[in-house]
Amino acid sequence: MNKQQQLPVTTVAEWPPGTYPENLAAAPDGSWLVTFLSHNRIDRVHPDGTITVFATLPAMPRGIAVVQDDAYVVAGSNGRDNWRLYRISLAHTGAELVCELPDLRLGNGLAASGRHLLVVDSAEGTVTRINPENGAYAVWIEDELLTSPHDSLPGVNGIVVEQDDVYLTNTARSLILHTPLVFPNLSVVADQIVGDDLDRHPDGSFYVATLFHDSVVQVRPDGSRRDVVRNLATTTAVAIDPANSDFVWVTAAGTETIPARLVRLQVNS
C-alpha cells in the first residue's frame, strides 16, 4: 500500500444528520456500544448492523469502557457538580449509579486499567483514577501538557491503556502523549496531529480520529504518518477490533446534512 492509498471503508450503521456519536467500546459478543451527546443515549450496533437502544441516561454520556459483563459510562454536562459514573450490565438490567464525580468539568475518554478506570477531564487537564467497586476516586495525573490553551478546544481527550502504558491525545495542543502506569510521567510521542480519540494497533501504530479534520491518521512506530481515510465528516472515536486487528472501527458525527456513521476500516487488504 503506497503512502497516499486509503483503506477500504464499510459503513456498518448510520444515524440521521444531527445525531452526534462521541465514543465507542466493543462488547464481548461482537457488538459495539456508541455514546451519543445529542440524545443522552447509548446505542448498541450488533454484528449484522442492527441498531438497538442500549441505555438512556439523564445527562450526556461521553466516555465508555467495557469490563467483563458491564459497561461503565461517564455522563454529565459542562461544569462541575453534575458528572457521574454509571454501570450498565450488558444483559440490559438498567443503569446503576457508581459514584458522583463533582470535581470533573468535562469528562471525556474512559479506559479500564486493571481493577480501576481512568477518565480524562478535557477542561481541567487531568486524568482521574476511579475504583468502580467502591466509587473512590482521586486525580491520577495533572500536567500542563494535558491542558488546553484555547477555551474553544478540549485539552486531553482520548485515552488508551495498554498493559503498563497509557497513551492520550491533547486536541488543542495537537499531541499524542505517553505515560507509564507506574510513577506517571508524561512524554510526547507525536506532535502536530489534532486528535480526538485514538487506539494503538498490535503493530505499534496509532490510529487517530481527527474530529473536524474529517480523517483518520495512522502514526507508525517510526513516526511517519498518513491519512488512511479522508472526507469522513467529524471523526470522533476509533477502536481496534479486539477480535480481529485487521479492522479499525470509527464513529463519524457527520454534519447537519450528512448522516452520522459507524464505519469499519480494513487495515490489511
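The values are calculated or read from the model by the stated rules, or taken from the named source; none is laboratory data. Model, not experiment: these values are computed from the prediction. Neighbour counts are summed over all protein chains in view; Cβ atoms, including those assigned to glycine, are modelled from backbone coordinates with ideal geometry. Keep in mind that these areas ignore ligands, DNA and RNA; they rest on the heavy atoms of the full protein, side chains included. Shrake-Rupley method; radii C 1.70, N 1.55, O 1.52, S 1.80 Å.
Stretching THR93 away from ARG230 to a fully extended chain increases their span by 45.4 nm, per 0.36 nm per residue minus the current alpha-carbon distance. Relative to the current alpha-carbon distance between GLU14 and PHE183, full extension at 0.36 nm per residue lengthens the span by 56.6 nm.
The phi-based Karplus calculation (6.51 cos²θ - 1.76 cosθ + 1.60; θ = phi - 60°) puts the 3J(HN,Hα) values of the range 23-33 at 9, 8, 8, 7, 9, x, 8, x, 7, 10, 9 Hz, whole numbers, x for Gly and Pro.
The residues packed around LEU145, meaning those with a beta-carbon under 12 Å from its beta-carbon, carry a net charge of -3 if Lys and Arg are +1 and Asp and Glu are -1. Annotation: amide H-H contacts under 5 Å for LEU101 (H modelled 1.01 Å from N, sequence separation of 5 or more, or interchain): TRP83, ARG84, LEU85.
Based on C-alpha pairs under 8 angstrom that are at least 6 apart in sequence, the chain has a relative contact order of 16 percent.
Karplus-derived 3J(HN,Hα) values for the range 213-230, using 6.51 cos²θ - 1.76 cosθ + 1.60 with θ = phi - 60°, are 7, 6, 8, 10, 10, 9, 10, 7, x, 7, x, 5, 8, 7, 7, 7, 8, 10 Hz; glycine and proline are entered as x.
Between the beta carbons of ARG80 and ASP222, assuming R0 = 45 Å, the FRET efficiency works out to 0.60 to the nearest 0.05. For ASP165 and ARG115, the FRET efficiency from 1/(1 + (r/R0)^6), where r spans their Cβ atoms and R0 equals 22 Å, is about 0.80.
Taking amide H as placed 1.01 Å from N in the peptide plane, ALA260 has its amide H under 5 Å from the amide H of TRP15, GLY18, THR19, each at least 5 places away in sequence or on another chain. Each other residue within a Cβ distance under 14 Å of ILE240 adds +1 if Lys or Arg and -1 if Asp or Glu, for a net charge of -4.
Remark: the Cα gyration tensor places the range 76-164 in the prolate category, a/c being 1.5 or greater and a/b exceeding b/c. In this structure the chain gives 43 Å² per residue of accessible area when probed at 1.4 Å with all protein chains present.
The Cα center of the range 16-88 and the Cα center of the range 214-269 differ in position by 19 Å. Each Lys or Arg adds one and each Asp or Glu takes one away; over the other residues whose Cβ falls under 10 Å from the Cβ of ASP70, this sums to -1.
Applied to the range 183-193, the Karplus parametrisation 6.51 cos²θ - 1.76 cosθ + 1.60 on θ = phi - 60° returns per-residue 3J(HN,Hα) values of 6, x, 7, 6, 9, 8, 8, 8, 10, 6, 9 Hz, with x for Gly and Pro. Among ARG115, ARG87, ARG129, the largest mean-square fluctuation in a Gaussian network model of the chain (Cα springs under 10 Å) belongs to ARG115.
Here the label points at THR50 and ALA243, each 7 Å from Cα along the C-beta direction, are separated by 1.5 nm in the simple model. The loop-placed GluC sites (Glu not before Pro) in the range 47-134, going by DSSP, that have at most 16 neighbouring Cβ atoms within 10 Å of their Cβ come out as GLU133. Dipole magnitude for the range 58-139: about 120 debye, using +1 per Lys or Arg Cβ and -1 per Asp or Glu Cβ, origin at the Cα centre.
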